[in-house]
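Notes for the one structure printed next.
The values are calculated or read from the model by the stated rules, or taken from the named source; none is laboratory data. Since the model is a prediction, treat every value here as computed from it, not as a measurement. Heads up, the Cβs are rebuilt from the backbone with ideal geometry, glycines too, and the neighbour counts pull from every protein chain shown. Protein only, heavy atoms only, side chains kept; ligands, DNA and RNA dropped before computing areas. Shrake-Rupley method; radii C 1.70, N 1.55, O 1.52, S 1.80 Å.
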Amino acid sequence: MRRRDFITLIGGVAMSWPLTGHAQQTTLPVVGFLNSASADGYASMAAAFRQGLKDTGYVDGNNVTIEYRWAENQYDRLPALAADLVSRRVTVIFANSPSIAAAKAATTKIPITFLSGDDPVRLGFVASLNRPGGNATGVAILSGALAAKRLELLRELVPHARTIAILINSDFGASGRFQSDVEAAARALGLAIQFLQTNNEREIDGAFNSLAQARADALLVGPGPFLDSRRELLVALAAKTAIPAGYETRATAVAGGLISYGADVGDGYRQAGIYTARILKGANPNDLPVVQPTKFELVINLKTAKTIGLTISESFLLRADKVIE
């Protein structure tokens, strides 16, 4: 071989190396992240999901790629967003509670992990909690099933309450069960209740404006990603009207809400990230039991209570898992 031919051959091999590296980058597994809320409202939840991936060995942009699809609380967009992820042949799809049905309808082959606010067996998403069957498994935080307990806690916190207003997002699938459970609990407690539809920010403003007319002594905020993603607005309006209000998530109490009771939604997203990573490593969704919360947290914001002039008994405070002062 002549020296010039040898140099040309080496140069040709060297020139091919970057192309090979680029080809390897395109083979990263892709996770489709399908969510009914907005990127701004649920940034902390997306971060918790990525943490779950990281805890199990996957880092976005390093050895996995995440494709985000946010419906911006427009649930009618979910089927098209799910179909788009399927057309891109993602490796796994994660879906939050309102998005699960769209993801399930879009594919029976691509594995799906989910975070459900209600019983996924009752909703038909899995065959059983221990053996999900099909292509889906995930986390069930059962937010819609805690309605009665949240109402009881709010009544105990505000013992003089006779009428309680309830904010409800009817677009959220678990709201039907939540409403019926609240009605049953209210009858047992001898409370009058008034449901106020809050499917957008305009309706949230209208609901707070009508509290005086409803003569509400306290407020209970229903479950779901839309209301949870508007936690700062809800907290601000509750403070402005000085009404004692109960919420679903710890994050809302931390943001200034008076009281919350429920599972840690952020940890649910982290657990879903862990399951997603396990599927990326080869696990079958049918072999991964649906994760259920082992603890429901009671969080009290004592600073907020003092601001609205509400005195909370020492015995009630002692029952709290966290008191924010």
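Under 8 Å between Cβ atoms, which residue pairs at least 6 apart in sequence (or on different chains) link something in the range 53-78 that is closer than 11 Å to Ser99 by Cα and free of Cβ contacts under 8 Å to residues at least 12 places away in the same chain with a partner that is part of a loop (DSSP other than H, G, I, E, B) and open to solvent by less than 30 Å² (accessible area, probe 1.4 Å)? Pairs found: Arg77/Ala71.
So which of Ala103, Ala165, Ala184, Ala147 ends up being open to solvent by 10 Å² or more (accessible area, probe 1.4 Å) and not in a loop (DSSP other than H, G, I, E, B)?
Exactly one of Ala103, Ala165, Ala184, Ala147 is open to solvent by 10 Å² or more (accessible area, probe 1.4 Å) and not in a loop (DSSP other than H, G, I, E, B), namely Ala184.
Here is a yes/no grid of residues against (1) within 29 Å of Ser170 (Cβ to Cβ); (2) open to solvent by 10 Å² or more (accessible area, probe 1.4 Å); (3) within 17 Å of the chain's Cα centre (by Cα):
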site: Arg231; (1), (2), (3): yes, yes, yes
site: Ile243; (1), (2), (3): yes, yes, no
site: Ala253; (1), (2), (3): yes, no, yes
site: Tyr275; (1), (2), (3): no, yes, yes
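Does Phe208 meet the test of being within 19 Å of the chain's Cα centre (by Cα), more than 22 Å from Ser44 (Cβ to Cβ) and not small (Gly, Ala, Ser)?
Numbers: within 19 Å of the chain's Cα centre (by Cα): no; more than 22 Å from Ser44 (Cβ to Cβ): yes; not small (Gly, Ala, Ser): yes.
Taking the combined requirement at face value, the residue does not satisfy it.
Return the pair list, or none, for Cβ contacts closer than 6 Å from residues in the range 249-264 that are closer than 10 Å to Arg231 by Cβ to residues that are among the charged types (D, E, K, R) and open to solvent by less than 20 Å² (accessible area, probe 1.4 Å), at least 6 apart or on different chains. Qualifying pairs under 6 Å: Thr249/Asp228.
Looking only at the range 270-291, decide whether some residue is under 21 Å from Leu220 (Cβ atoms), out of contact with any helix residue (DSSP H, G or I) (no Cβ under 6 Å at 6 or more places or on another chain) and not in a helix (DSSP H, G or I). The answer is no, given that none of the residues of the range 270-291 is under 21 Å from Leu220 (Cβ atoms), out of contact with any helix residue (DSSP H, G or I) (no Cβ under 6 Å at 6 or more places or on another chain) and not in a helix (DSSP H, G or I).
Test Phe296 against the criterion of being open to solvent by 10 Å² or more (accessible area, probe 1.4 Å), touching a residue at least 40 places away in the same chain (Cβ under 8 Å) and in contact with a strand residue (DSSP E or B) (Cβ under 8 Å, 6 or more places away or on another chain), and give yes or no.
Values: open to solvent by 10 Å² or more (accessible area, probe 1.4 Å): yes; touching a residue at least 40 places away in the same chain (Cβ under 8 Å): yes; in contact with a strand residue (DSSP E or B) (Cβ under 8 Å, 6 or more places away or on another chain): yes.
Spelling it out, Phe296 is indeed open to solvent by 10 Å² or more (accessible area, probe 1.4 Å), touching a residue at least 40 places away in the same chain (Cβ under 8 Å) and in contact with a strand residue (DSSP E or B) (Cβ under 8 Å, 6 or more places away or on another chain).
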